[in-house]
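Report on one structure; see the data block that follows.
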Amino acid sequence: MKTEESDMEAETGLDTENEAAPMRANTQGGVNGVHRPRRSHRKKGEKKLPAVTAMAWLCVDAHGSSALLQSDKWRVAEKLGIQARDLRLLDPQLSTTASPCAILCRDRSIIVNLEHIKAIITVDKVLLVNYGHDEAGTKFAEELGQRLANPGAASKFASSMKDLQQSVNSMEPHSQYGTTGPDRTMEGSLPFELRALECCLESLAASYDQLTTDLEVAAYPLLDGMAIGVTPENLDQVRRNKNKLVRLTTRVQTAREVLEKFLNNHDDMHDFNITANRDRENALQEERARSLQEANAVLGGDVGETLMGHSAPSSVSVDSSIVENEVADVEMLLEAYYMHIDAAFNRLETLNEYIKDTEDMVSIKLDTHRNALITVDLVLTAFSACLAIITAISGIFGMNLESGLETDPHVFKQVTLASSLGSLLVFAIFLLWAYKRGLLVFA
(Lines give C-alpha, C1' and ligand atoms only; values in the text may rest on other atoms or scores of the structure.)
Protein backbone atom coordinates (compact mmCIF):
# COMPACT_ATOMS: atom_id res chain seq x y z
CA MET A 1 0.00 0.00 0.00
CA LYS A 2 2.92 2.40 0.72
CA THR A 3 4.34 1.84 -2.77
CA GLU A 4 0.97 2.69 -4.34
CA GLU A 5 0.67 5.79 -2.15
CA SER A 6 4.11 7.03 -3.20
CA ASP A 7 3.18 6.54 -6.87
CA MET A 8 -0.10 8.38 -6.40
CA GLU A 9 1.73 11.17 -4.58
CA ALA A 10 4.13 11.60 -7.49
CA GLU A 11 1.27 11.71 -10.03
CA THR A 12 -1.15 13.98 -8.18
CA GLY A 13 1.28 16.17 -6.30
CA LEU A 14 -0.65 15.51 -3.07
CA ASP A 15 0.86 14.16 0.12
CA THR A 16 -0.34 10.96 1.68
CA GLU A 17 -0.19 12.51 5.13
CA ASN A 18 -2.01 15.47 6.55
CA GLU A 19 -0.34 18.63 5.37
CA ALA A 20 -1.84 20.86 8.04
CA ALA A 21 0.31 19.92 11.04
CA PRO A 22 -0.90 21.34 14.33
CA MET A 23 1.12 24.26 15.73
CA ARG A 24 2.85 23.66 19.02
CA ALA A 25 2.14 26.05 21.83
CA ASN A 26 5.09 28.25 22.68
CA THR A 27 5.53 28.93 26.37
CA GLN A 28 7.53 31.43 28.34
CA GLY A 29 8.86 30.86 31.82
CA GLY A 30 7.24 32.94 34.49
CA VAL A 31 7.36 33.51 38.19
CA ASN A 32 7.19 30.43 40.43
CA GLY A 33 7.50 28.09 37.44
CA VAL A 34 4.22 29.22 35.90
CA HIS A 35 4.43 29.10 32.11
CA ARG A 36 2.54 31.67 30.13
CA PRO A 37 1.95 31.72 26.36
CA ARG A 38 4.01 34.16 24.33
CA ARG A 39 2.32 37.23 23.04
CA SER A 40 1.44 37.33 19.38
CA HIS A 41 3.64 39.54 17.21
CA ARG A 42 0.96 40.16 14.58
CA LYS A 43 0.49 43.75 13.59
CA LYS A 44 -2.55 45.56 14.81
CA GLY A 45 -5.48 45.10 12.43
CA GLU A 46 -3.94 42.03 10.74
CA LYS A 47 -6.48 39.20 10.34
CA LYS A 48 -5.72 35.73 11.55
CA LEU A 49 -5.51 33.18 8.73
CA PRO A 50 -8.13 30.40 8.90
CA ALA A 51 -6.96 26.94 9.87
CA VAL A 52 -6.48 24.57 6.94
CA THR A 53 -8.48 21.37 7.28
CA ALA A 54 -7.24 18.33 5.43
CA MET A 55 -9.72 16.15 3.58
CA ALA A 56 -9.54 12.47 2.75
CA TRP A 57 -9.32 11.62 -0.96
CA LEU A 58 -9.36 8.18 -2.52
CA CYS A 59 -7.26 8.27 -5.70
CA VAL A 60 -8.12 5.56 -8.27
CA ASP A 61 -5.92 5.29 -11.37
CA ALA A 62 -6.63 3.82 -14.81
CA HIS A 63 -5.62 0.31 -13.66
CA GLY A 64 -8.04 0.26 -10.73
CA SER A 65 -5.32 0.74 -8.09
CA SER A 66 -6.32 3.01 -5.23
CA ALA A 67 -4.56 4.94 -2.49
CA LEU A 68 -5.90 7.09 0.34
CA LEU A 69 -4.54 10.64 0.31
CA GLN A 70 -4.79 13.55 2.75
CA SER A 71 -4.81 17.10 1.41
CA ASP A 72 -6.73 20.34 1.78
CA LYS A 73 -9.13 21.36 -0.96
CA TRP A 74 -7.18 24.50 -1.84
CA ARG A 75 -4.15 22.50 -2.95
CA VAL A 76 -6.35 20.07 -4.86
CA ALA A 77 -7.97 22.99 -6.68
CA GLU A 78 -4.55 24.38 -7.57
CA LYS A 79 -3.17 21.07 -8.84
CA LEU A 80 -6.22 20.16 -10.93
CA GLY A 81 -6.90 23.64 -12.29
CA ILE A 82 -10.39 24.04 -10.83
CA GLN A 83 -11.95 26.74 -8.69
CA ALA A 84 -12.57 26.46 -4.99
CA ARG A 85 -16.29 27.09 -5.45
CA ASP A 86 -16.50 23.91 -7.54
CA LEU A 87 -15.21 21.89 -4.59
CA ARG A 88 -18.07 23.13 -2.42
CA LEU A 89 -20.35 20.86 -4.43
CA LEU A 90 -18.30 17.89 -3.19
CA ASP A 91 -18.39 18.84 0.48
CA PRO A 92 -19.87 15.77 2.27
CA GLN A 93 -21.08 17.95 5.12
CA LEU A 94 -23.58 19.64 2.82
CA SER A 95 -26.88 17.84 2.31
CA THR A 96 -28.34 16.84 -1.04
CA THR A 97 -30.73 19.80 -0.99
CA ALA A 98 -27.85 22.24 -0.43
CA SER A 99 -25.76 20.62 -3.18
CA PRO A 100 -28.07 19.34 -5.92
CA CYS A 101 -26.98 16.98 -8.67
CA ALA A 102 -24.51 18.61 -11.02
CA ILE A 103 -21.77 17.76 -13.53
CA LEU A 104 -19.22 20.49 -14.26
CA CYS A 105 -16.74 20.30 -17.14
CA ARG A 106 -13.44 22.11 -16.72
CA ASP A 107 -10.31 22.26 -18.87
CA ARG A 108 -8.47 19.45 -17.10
CA SER A 109 -11.16 17.69 -15.05
CA ILE A 110 -14.83 16.76 -14.69
CA ILE A 111 -16.52 17.45 -11.34
CA VAL A 112 -19.29 14.95 -10.59
CA ASN A 113 -21.82 15.42 -7.79
CA LEU A 114 -24.55 12.81 -8.25
CA GLU A 115 -26.25 11.71 -5.04
CA HIS A 116 -23.68 9.52 -3.23
CA ILE A 117 -21.06 10.02 -5.98
CA LYS A 118 -18.74 12.94 -5.30
CA ALA A 119 -15.67 12.73 -7.52
CA ILE A 120 -13.18 14.64 -9.62
CA ILE A 121 -12.30 12.90 -12.89
CA THR A 122 -9.10 13.71 -14.77
CA VAL A 123 -7.47 12.12 -17.80
CA ASP A 124 -5.68 9.43 -15.74
CA LYS A 125 -7.24 9.26 -12.25
CA VAL A 126 -10.40 9.71 -10.18
CA LEU A 127 -10.46 11.46 -6.80
CA LEU A 128 -13.31 10.45 -4.49
CA VAL A 129 -14.13 12.73 -1.57
CA ASN A 130 -14.07 11.26 1.94
CA TYR A 131 -13.85 7.57 1.15
CA GLY A 132 -15.85 5.56 3.71
CA HIS A 133 -18.09 8.49 4.62
CA ASP A 134 -21.19 6.42 3.82
CA GLU A 135 -21.96 2.89 2.71
CA ALA A 136 -23.10 3.87 -0.78
CA GLY A 137 -19.91 5.84 -1.45
CA THR A 138 -17.73 2.95 -0.28
CA LYS A 139 -19.61 0.50 -2.50
CA PHE A 140 -19.22 2.80 -5.49
CA ALA A 141 -15.47 3.10 -4.89
CA GLU A 142 -15.14 -0.69 -4.94
CA GLU A 143 -17.21 -0.97 -8.13
CA LEU A 144 -15.19 1.80 -9.77
CA GLY A 145 -11.91 0.00 -9.03
CA GLN A 146 -13.24 -3.28 -10.41
CA ARG A 147 -14.62 -1.69 -13.59
CA LEU A 148 -11.40 0.22 -14.31
CA ALA A 149 -9.30 -2.88 -13.62
CA ASN A 150 -11.46 -4.92 -16.06
CA PRO A 151 -12.42 -2.59 -18.94
CA GLY A 152 -13.97 -5.45 -20.93
CA ALA A 153 -16.45 -6.38 -18.18
CA ALA A 154 -20.05 -5.94 -19.33
CA SER A 155 -22.01 -3.33 -17.46
CA LYS A 156 -25.60 -3.60 -16.43
CA PHE A 157 -26.72 -1.24 -19.21
CA ALA A 158 -24.34 -2.47 -21.92
CA SER A 159 -27.21 -3.65 -24.13
CA SER A 160 -28.70 -0.17 -24.43
CA MET A 161 -25.35 1.35 -25.29
CA LYS A 162 -24.75 -1.37 -27.88
CA ASP A 163 -28.09 -0.65 -29.52
CA LEU A 164 -27.36 3.06 -29.61
CA GLN A 165 -23.90 2.43 -31.05
CA GLN A 166 -25.29 0.22 -33.82
CA SER A 167 -27.93 2.82 -34.71
CA VAL A 168 -25.33 5.58 -34.90
CA ASN A 169 -22.90 3.44 -36.90
CA SER A 170 -25.62 2.55 -39.38
CA MET A 171 -26.29 6.25 -39.97
CA GLU A 172 -22.65 7.38 -40.18
CA PRO A 173 -20.02 6.16 -42.67
CA HIS A 174 -16.69 4.73 -41.61
CA SER A 175 -14.37 7.55 -40.55
CA GLN A 176 -10.76 7.82 -41.62
CA TYR A 177 -9.80 8.87 -38.10
CA GLY A 178 -10.91 5.59 -36.58
CA THR A 179 -13.23 7.09 -33.98
CA THR A 180 -16.46 5.73 -35.46
CA GLY A 181 -17.45 2.84 -37.66
CA PRO A 182 -18.98 -0.62 -37.48
CA ASP A 183 -15.75 -2.27 -36.32
CA ARG A 184 -15.34 0.04 -33.35
CA THR A 185 -16.29 -1.10 -29.83
CA MET A 186 -17.59 1.32 -27.27
CA GLU A 187 -15.52 0.07 -24.35
CA GLY A 188 -12.26 0.08 -26.26
CA SER A 189 -12.70 3.54 -27.82
CA LEU A 190 -13.72 5.55 -24.76
CA PRO A 191 -10.94 7.49 -23.02
CA PHE A 192 -10.39 7.13 -19.30
CA GLU A 193 -12.48 10.11 -18.22
CA LEU A 194 -15.51 8.86 -20.16
CA ARG A 195 -15.12 5.34 -18.77
CA ALA A 196 -15.01 6.79 -15.25
CA LEU A 197 -18.04 8.96 -16.01
CA GLU A 198 -19.83 5.86 -17.32
CA CYS A 199 -19.22 4.13 -13.97
CA CYS A 200 -20.70 7.12 -12.15
CA LEU A 201 -23.80 7.22 -14.34
CA GLU A 202 -24.23 3.46 -14.13
CA SER A 203 -24.10 3.53 -10.33
CA LEU A 204 -26.60 6.40 -10.25
CA ALA A 205 -29.00 4.69 -12.68
CA ALA A 206 -28.77 1.41 -10.76
CA SER A 207 -29.46 3.24 -7.48
CA TYR A 208 -32.54 4.96 -8.90
CA ASP A 209 -33.75 1.70 -10.43
CA GLN A 210 -33.43 -0.14 -7.11
CA LEU A 211 -35.15 2.64 -5.13
CA THR A 212 -37.98 2.76 -7.65
CA THR A 213 -38.42 -1.02 -7.54
CA ASP A 214 -38.51 -1.06 -3.73
CA LEU A 215 -41.10 1.71 -3.71
CA GLU A 216 -43.26 -0.09 -6.26
CA VAL A 217 -43.11 -3.36 -4.30
CA ALA A 218 -44.26 -1.56 -1.16
CA ALA A 219 -46.90 0.71 -2.74
CA TYR A 220 -48.81 -1.34 -5.32
CA PRO A 221 -50.10 -4.11 -2.98
CA LEU A 222 -51.09 -1.47 -0.44
CA LEU A 223 -53.02 0.51 -3.03
CA ASP A 224 -54.76 -2.62 -4.30
CA GLY A 225 -55.79 -3.43 -0.73
CA MET A 226 -57.40 -0.01 -0.33
CA ALA A 227 -59.83 -0.93 -3.11
CA ILE A 228 -61.30 -3.54 -0.74
CA GLY A 229 -61.30 -1.61 2.49
CA VAL A 230 -59.89 1.63 3.88
CA THR A 231 -58.36 1.64 7.35
CA PRO A 232 -56.39 4.31 9.23
CA GLU A 233 -53.28 2.10 9.06
CA ASN A 234 -53.54 1.84 5.26
CA LEU A 235 -54.00 5.58 4.90
CA ASP A 236 -50.93 6.27 7.05
CA GLN A 237 -48.78 3.86 5.02
CA VAL A 238 -49.98 5.40 1.76
CA ARG A 239 -49.11 8.85 3.09
CA ARG A 240 -45.56 7.71 3.94
CA ASN A 241 -45.07 6.06 0.56
CA LYS A 242 -46.33 9.17 -1.20
CA ASN A 243 -43.81 11.31 0.69
CA LYS A 244 -41.03 8.94 -0.39
CA LEU A 245 -42.34 9.08 -3.95
CA VAL A 246 -42.28 12.89 -4.04
CA ARG A 247 -38.72 13.06 -2.71
CA LEU A 248 -37.45 10.34 -5.06
CA THR A 249 -39.20 11.90 -8.07
CA THR A 250 -37.52 15.22 -7.34
CA ARG A 251 -34.10 13.58 -7.16
CA VAL A 252 -34.58 11.59 -10.37
CA GLN A 253 -35.96 14.60 -12.21
CA THR A 254 -32.95 16.70 -11.18
CA ALA A 255 -30.48 14.12 -12.52
CA ARG A 256 -32.57 13.74 -15.67
CA GLU A 257 -32.47 17.48 -16.30
CA VAL A 258 -28.69 17.53 -15.84
CA LEU A 259 -28.19 14.94 -18.59
CA GLU A 260 -30.83 16.53 -20.81
CA LYS A 261 -29.04 19.89 -20.60
CA PHE A 262 -25.82 18.33 -21.93
CA LEU A 263 -27.63 16.37 -24.64
CA ASN A 264 -29.14 19.60 -25.98
CA ASN A 265 -25.74 21.30 -26.30
CA HIS A 266 -23.03 19.73 -28.47
CA ASP A 267 -20.35 22.12 -27.23
CA ASP A 268 -20.93 21.03 -23.63
CA MET A 269 -20.81 17.37 -24.65
CA HIS A 270 -17.52 17.90 -26.45
CA ASP A 271 -15.99 19.33 -23.25
CA PHE A 272 -16.34 15.89 -21.64
CA ASN A 273 -13.68 14.44 -23.96
CA ILE A 274 -10.70 15.99 -22.16
CA THR A 275 -8.16 13.59 -23.67
CA ALA A 276 -9.19 14.35 -27.26
CA ASN A 277 -9.17 18.11 -26.60
CA ARG A 278 -5.71 17.93 -25.04
CA ASP A 279 -4.27 15.73 -27.82
CA ARG A 280 -5.73 17.86 -30.58
CA GLU A 281 -4.46 21.05 -28.95
CA ASN A 282 -0.95 19.61 -28.67
CA ALA A 283 -1.04 18.31 -32.25
CA LEU A 284 -2.19 21.67 -33.62
CA GLN A 285 0.51 23.53 -31.73
CA GLU A 286 3.20 21.16 -32.94
CA GLU A 287 1.93 21.32 -36.52
CA ARG A 288 1.74 25.10 -36.44
CA ALA A 289 5.23 25.43 -34.93
CA ARG A 290 6.70 23.04 -37.53
CA SER A 291 4.97 24.73 -40.44
CA LEU A 292 5.95 28.16 -39.18
CA GLN A 293 9.56 27.05 -38.82
CA GLU A 294 9.62 25.69 -42.39
CA ALA A 295 7.93 28.79 -43.79
CA ASN A 296 10.36 31.08 -41.99
CA ALA A 297 13.33 29.11 -43.31
CA VAL A 298 12.14 29.41 -46.91
CA LEU A 299 10.23 32.71 -47.15
CA GLY A 300 11.28 34.69 -44.12
CA GLY A 301 9.63 35.39 -40.79
CA ASP A 302 6.92 37.91 -41.75
CA VAL A 303 5.85 36.07 -44.90
CA GLY A 304 5.74 32.73 -43.08
CA GLU A 305 3.48 34.06 -40.34
CA THR A 306 1.18 35.63 -42.95
CA LEU A 307 0.84 32.34 -44.85
CA MET A 308 0.14 30.44 -41.65
CA GLY A 309 -2.64 32.88 -40.83
CA HIS A 310 -4.27 32.27 -44.24
CA SER A 311 -3.99 28.45 -43.92
CA ALA A 312 -5.62 28.28 -40.48
CA PRO A 313 -9.25 27.81 -41.73
CA SER A 314 -8.36 24.54 -43.49
CA SER A 315 -7.13 23.06 -40.19
CA VAL A 316 -10.29 24.23 -38.48
CA SER A 317 -12.44 22.57 -41.16
CA VAL A 318 -10.61 19.28 -40.61
CA ASP A 319 -11.05 19.56 -36.85
CA SER A 320 -14.83 20.10 -37.18
CA SER A 321 -15.30 16.63 -38.69
CA ILE A 322 -13.23 15.07 -35.89
CA VAL A 323 -15.20 16.98 -33.27
CA GLU A 324 -18.50 15.58 -34.57
CA ASN A 325 -17.19 12.04 -34.17
CA GLU A 326 -15.95 12.77 -30.66
CA VAL A 327 -19.30 14.28 -29.71
CA ALA A 328 -21.03 11.12 -30.96
CA ASP A 329 -19.17 9.04 -28.35
CA VAL A 330 -20.26 11.32 -25.52
CA GLU A 331 -23.80 11.56 -26.87
CA MET A 332 -24.21 7.77 -26.97
CA LEU A 333 -22.87 7.51 -23.43
CA LEU A 334 -25.15 10.20 -21.99
CA GLU A 335 -28.19 9.12 -24.01
CA ALA A 336 -27.95 5.52 -22.83
CA TYR A 337 -28.10 6.47 -19.17
CA TYR A 338 -30.58 9.26 -19.84
CA MET A 339 -32.93 6.61 -21.19
CA HIS A 340 -32.63 4.53 -18.00
CA ILE A 341 -33.06 7.50 -15.69
CA ASP A 342 -35.99 8.68 -17.78
CA ALA A 343 -37.49 5.17 -17.54
CA ALA A 344 -37.22 5.33 -13.74
CA PHE A 345 -38.82 8.78 -13.84
CA ASN A 346 -41.71 7.46 -15.96
CA ARG A 347 -42.21 4.56 -13.53
CA LEU A 348 -42.43 7.03 -10.67
CA GLU A 349 -44.90 9.15 -12.61
CA THR A 350 -47.00 6.03 -13.29
CA LEU A 351 -46.97 5.18 -9.59
CA ASN A 352 -47.98 8.73 -8.77
CA GLU A 353 -50.92 8.52 -11.18
CA TYR A 354 -51.92 5.18 -9.65
CA ILE A 355 -51.91 6.75 -6.19
CA LYS A 356 -54.04 9.64 -7.46
CA ASP A 357 -56.50 7.20 -9.05
CA THR A 358 -56.71 5.26 -5.80
CA GLU A 359 -57.29 8.47 -3.87
CA ASP A 360 -60.07 9.42 -6.28
CA MET A 361 -61.64 5.99 -5.90
CA VAL A 362 -61.49 6.22 -2.09
CA SER A 363 -62.95 9.72 -2.27
CA ILE A 364 -65.82 8.47 -4.44
CA LYS A 365 -66.49 5.67 -1.98
CA LEU A 366 -66.53 8.12 0.92
CA ASP A 367 -68.88 10.42 -1.00
CA THR A 368 -71.21 7.49 -1.67
CA HIS A 369 -71.29 6.58 2.01
CA ARG A 370 -71.80 10.22 2.92
CA ASN A 371 -74.74 10.47 0.54
CA ALA A 372 -76.27 7.33 2.04
CA LEU A 373 -75.96 8.80 5.52
CA ILE A 374 -77.57 12.03 4.34
CA THR A 375 -80.46 10.04 2.86
CA VAL A 376 -80.98 8.16 6.11
CA ASP A 377 -80.81 11.41 8.08
CA LEU A 378 -83.40 13.02 5.78
CA VAL A 379 -85.81 10.08 6.14
CA LEU A 380 -85.47 10.02 9.91
CA THR A 381 -85.97 13.79 10.12
CA ALA A 382 -89.13 13.58 8.02
CA PHE A 383 -90.45 10.71 10.15
CA SER A 384 -89.74 12.71 13.32
CA ALA A 385 -91.68 15.66 11.90
CA CYS A 386 -94.66 13.38 11.21
CA LEU A 387 -94.54 12.01 14.73
CA ALA A 388 -94.52 15.62 15.98
CA ILE A 389 -98.01 16.01 14.43
CA ILE A 390 -99.34 13.18 16.60
CA THR A 391 -97.58 14.69 19.61
CA ALA A 392 -99.20 18.06 18.98
CA ILE A 393 -102.70 16.51 18.71
CA SER A 394 -102.20 14.49 21.89
CA GLY A 395 -101.02 17.64 23.66
CA ILE A 396 -104.15 19.49 22.61
CA PHE A 397 -106.49 16.76 23.87
CA GLY A 398 -104.45 16.36 27.03
CA MET A 399 -105.45 19.77 28.35
CA ASN A 400 -107.67 19.85 31.45
CA LEU A 401 -110.58 21.55 29.67
CA GLU A 402 -114.17 20.45 29.43
CA SER A 403 -115.34 20.13 25.82
CA GLY A 404 -117.88 17.34 26.13
CA LEU A 405 -115.78 14.97 23.99
CA GLU A 406 -114.25 13.32 27.04
CA THR A 407 -117.58 11.70 27.80
CA ASP A 408 -117.83 10.01 24.39
CA PRO A 409 -116.24 6.51 24.60
CA HIS A 410 -115.37 6.39 20.84
CA VAL A 411 -113.62 9.75 20.45
CA PHE A 412 -110.21 8.54 21.78
CA LYS A 413 -109.97 5.76 19.19
CA GLN A 414 -111.13 8.04 16.39
CA VAL A 415 -108.59 10.79 17.21
CA THR A 416 -105.73 8.33 17.63
CA LEU A 417 -106.46 6.52 14.37
CA ALA A 418 -106.99 9.71 12.40
CA SER A 419 -103.80 11.41 13.67
CA SER A 420 -101.68 8.30 13.00
CA LEU A 421 -103.02 7.77 9.49
CA GLY A 422 -102.67 11.47 8.73
CA SER A 423 -99.05 11.48 9.87
CA LEU A 424 -98.22 8.43 7.78
CA LEU A 425 -99.93 9.99 4.78
CA VAL A 426 -97.90 13.19 5.16
CA PHE A 427 -94.70 11.09 5.50
CA ALA A 428 -95.50 9.12 2.33
CA ILE A 429 -96.29 12.29 0.36
CA PHE A 430 -92.96 13.81 1.47
CA LEU A 431 -90.96 10.72 0.43
CA LEU A 432 -92.67 10.67 -2.98
CA TRP A 433 -91.92 14.38 -3.49
CA ALA A 434 -88.26 14.02 -2.41
CA TYR A 435 -87.76 11.02 -4.68
CA LYS A 436 -89.16 12.86 -7.69
CA ARG A 437 -86.94 15.83 -6.95
CA GLY A 438 -83.87 13.57 -6.72
CA LEU A 439 -83.28 14.28 -3.04
CA LEU A 440 -83.51 10.57 -2.22
CA VAL A 441 -81.42 7.97 -4.03
CA PHE A 442 -81.95 4.34 -3.08
CA ALA A 443 -79.04 2.14 -4.22
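By a 1.4 Å probe calculation restricted to protein chains, VAL376 has an accessible surface near 80 Å², given to the nearest 10.
Between ALA434 and ASP214, the simple spin-label model (points 7 angstrom out along Cα→Cβ) gives 5.4 nm. Label reach from GLU142 (point 7 Å along Cα→C-beta): in the stretch 207-229, amide nitrogens under 19 Å belong to 207-208, 210-211. Rounded, prolate or oblate: which fits the stretch 211-262 when a ≥ b ≥ c are the square roots of the eigenvalues of the alpha-carbon gyration tensor, with rounded for a/c under 1.5 and prolate only if a/b beats b/c? Prolate shape, in that a/c is at least 1.5 and a/b is the bigger ratio.
Applying 0.36 nm per residue to the separation of SER291 and SER321 and subtracting their alpha-carbon distance, the gain on full extension is 8.6 nm. The chymotrypsin sites (Phe, Trp or Tyr not before Pro) of the stretch 58-147 include none that meets both conditions, a loop assignment by DSSP and at most 14 other Cβ atoms within 10 Å of the site Cβ.
Distance between the C-alpha centres of the stretch 193-245 and the stretch 100-145: 25 Å, rounded to the whole angstrom. For ALA227 and SER403, a Förster radius of 51 Å and the Cβ-Cβ distance give a FRET efficiency of 0.20, rounded to the nearest 0.05.
A full extension of the chain between ARG106 and ASN150 corresponds to an added length of 13.1 nm, given 0.36 nm per residue minus the alpha carbon distance. Separation of the alpha carbons by more than 22 angstrom is noted, of LYS73/LYS118; LYS79/LYS139; LYS242/LYS365; LYS139/LYS242; LYS244/LYS365; LYS79/LYS125, for LYS79/LYS139; LYS139/LYS242; LYS244/LYS365. Near the amide H of ARG106, within less than 5 Å, lie the amide hydrogens of ILE111, all on another chain or at least 5 residues away, with H placed in the peptide plane.
Describe numerically, in nm with one decimal, the distance between label points set 7 Å from Cα along Cα→Cβ at ILE374 and at LEU263. In this crude label model, ILE374 to LEU263 measures out at 4.9 nm. Accessible surface for the stretch 375-440, divided over its residues, is 78 Å² per residue with a 1.4 Å probe.
Between the listed residues GLY398, ALA328, VAL411, the Cα displaced farthest toward the positive end of the dipole of the stretch 321-443, a dipole computed from Cβ unit charges relative to the Cα centre, is found at VAL411.
Here the stretch 335-385 is assigned +1 on the Cβ of each Lys and Arg and -1 on the Cβ of each Asp and Glu. Its dipole about the Cα centre then comes out at about 320 debye. Using a Förster distance of 60 Å, how high is the FRET efficiency between LEU421 and GLU349, based on the Cβ-Cβ distance and rounded to 0.05? The computed FRET efficiency comes out at 0.40.
The values are calculated or read from the model by the stated rules, or taken from the named source; none is laboratory data. All values reported here derive from a predicted model rather than from experimental measurement. Glycine also receives a Cβ, built like all others from the backbone with ideal geometry; neighbour counts cover every protein chain displayed. Remember, those area values only see protein heavy atoms, side chains included, never the ligands or the DNA or RNA. Shrake-Rupley method; radii C 1.70, N 1.55, O 1.52, S 1.80 Å.
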